[in-house]
Structure formats: C-alpha cells, structure tokens
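> Following this message is one structure expressed as structure tokens.
The values are calculated or read from the model by the stated rules, or taken from the named source; none is laboratory data. The structure presented is a predicted model; accordingly, all values stated were derived computationally and were not measured. Note that we place each Cβ from the backbone using ideal geometry, even for glycine, and neighbour counts take in every protein chain shown. Just so you know, the surface numbers come from the protein's heavy atoms only, side chains and all, with ligands and any DNA or RNA stripped out. Shrake-Rupley method; radii C 1.70, N 1.55, O 1.52, S 1.80 Å.
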Amino acid sequence: RAELSGTLHGLMRVRGFTVDDAHLFVRPDQVQVEVDDCLDFAIKVFDTYGFEKVKFELSVRGDAENKLYLGADSDWESAEKSLANALNARNISYERIEGEAAFYGPKIDIKVEDAIGRIWQLGTVQLDFNLPERFELEYTGDDGQKHRPFMIHRALFGSIERFFGVLVEHFAGAFPFW
C-alpha cells in the first residue's frame, strides 16, 4: 500500500484541473436553507465514497485587523452564524479557525483523512456578500423594492482530479463495490 501510495502521489500534480464550483444566488432569508442543503449534499458525497474520517473547519475573519476583509460587521456576524447553525444542527464537531476566512466571507472547509493518515481539503461552502455588491446584483423583492442577494460558493469535490486521486490512494485501487 505504501509503495502504491508513493507512486500515485506523483500523479496528483496535473497541468489543469476542474473544480465543481457552483455559485448560488439567494435572498437573505434563503441563506440558512441553502447552506443546510449544501452541507447535507457534501456529507452525502463523502459518505457515499467511503471517507469515514471527515473534519470540518469554520473559517472566520477573527480578531485580526479586518483590512483584508470586505463587508459590514453585521454581514459577517450573520454569515458566520448561518454556517455555525448548519454545523450545530447536524451535531458536527468543528474547529473554528480565526483569520482564515476568504476576503469576501466566512466558509466551511471539509477535509478528509485518507487511509494512510494524510489530510486533504476537498469540499467547501462559502458565503459571499461582497461580490453581489461589487457587481451591483439586485432582485425585486415581494415589497417591490430592489434588494441585494447573497452568493454561496459550493464545491463538494474541490478539484475533480485531486478528489479521484485521493480516492484511488485511499482505497489503494481496491475500490468497494458501489
């Protein structure tokens, strides 16, 4: 297994890669439901492929100077709360990582441990209230007024090539019968 793993590890370097990145534009009142759905989808993916050791991290902007981060404090607090609520509602233990948020919002990073103990970051669910602002995106609400949507970045596999490379190494090529 170690010999096979060493051989395959070199294949993890690719010239290009494909990311399964989706961008969901939602009303503020839809954020929690969509984050919940994204997290459930990610959990189902990793469970389906047999990754038993899955680690969750909630990356937030933290107490560091906020010069690198865009947006209002109230948006950050709301976004962090939505992500934490999704994890807590599923009784998922997670590590809160201060200062590791994306510049546009907090995120949940999903990492798996392969069969030989290496940690790989694969999935992510990120809240973004800044790009809709920068692109001046709007929708007309039930009140007839213009409102700004939120954006959720969702990547379940991360890089498809890396995901399948990790999967091959995890099972050392002896795949279960899915």
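> Going through region 114-149 one residue at a time, which ones are small (Gly, Ala, Ser) and touching a residue at least 24 places away in the same chain (Cβ under 8 Å)?
Just the residues of region 114-149 that are small (Gly, Ala, Ser), to begin with: 115, 117, 123, 141, 144.
Listed by number, the residues that qualify are Ala115, Gly123, Gly141.
> Same structure, new question: Applying the selection to region 79-102, what residues are buried (at least 16 other Cβ atoms within 10 Å of the Cβ) and either free of Cβ contacts under 8 Å to residues at least 24 places away in the same chain or assigned to a helix (DSSP H, G or I) (or both)?
Result: Ala79, Glu80, Ser82, Leu83, Ala84, Ala86, Leu87.
> Kindly check whether there is at least one residue in region 150-162 that is out of contact with any Ser or Thr (no Cβ under 6 Å at 6 or more places or on another chain), assigned to a loop (DSSP other than H, G, I, E, B) and either open to solvent by 50 Å² or more (accessible area, probe 1.4 Å) or touching a residue at least 40 places away in the same chain (Cβ under 8 Å) (or both). Give the derivation first.
Step one: filter region 150-162 for residues out of contact with any Ser or Thr (no Cβ under 6 Å at 6 or more places or on another chain), giving 150-154, 156-159, 161-162.
Adding the requirement that they be assigned to a loop (DSSP other than H, G, I, E, B) leaves none.
Checked against the condition, which is being out of contact with any Ser or Thr (no Cβ under 6 Å at 6 or more places or on another chain), assigned to a loop (DSSP other than H, G, I, E, B) and either open to solvent by 50 Å² or more (accessible area, probe 1.4 Å) or touching a residue at least 40 places away in the same chain (Cβ under 8 Å) (or both), region 150-162 yields no hits at all.
> For region 103-136, enumerate the residues that are among the acidic types (Asp, Glu) and either in a strand (DSSP E or B) or buried (at least 16 other Cβ atoms within 10 Å of the Cβ) (or both).
Applying the first criterion (among the acidic types (Asp, Glu)) to region 103-136 yields 109, 113-114, 128, 133, 136.
Those that are among the acidic types (Asp, Glu) and either in a strand (DSSP E or B) or buried (at least 16 other Cβ atoms within 10 Å of the Cβ) (or both): Asp109, Glu113, Asp114, Asp128, Glu133.
> Regarding Tyr69, is this residue touching a residue at least 40 places away in the same chain (Cβ under 8 Å), among the hydroxyl-bearing types (Ser, Thr, Tyr) and over 24 Å from Lys55 (Cα atoms)? Don't jump to the end; show me each part of the working.
Values: touching a residue at least 40 places away in the same chain (Cβ under 8 Å): no; among the hydroxyl-bearing types (Ser, Thr, Tyr): yes; over 24 Å from Lys55 (Cα atoms): yes.
Considered against the rule, which asks whether it is touching a residue at least 40 places away in the same chain (Cβ under 8 Å), among the hydroxyl-bearing types (Ser, Thr, Tyr) and over 24 Å from Lys55 (Cα atoms), Tyr69 comes out as no.
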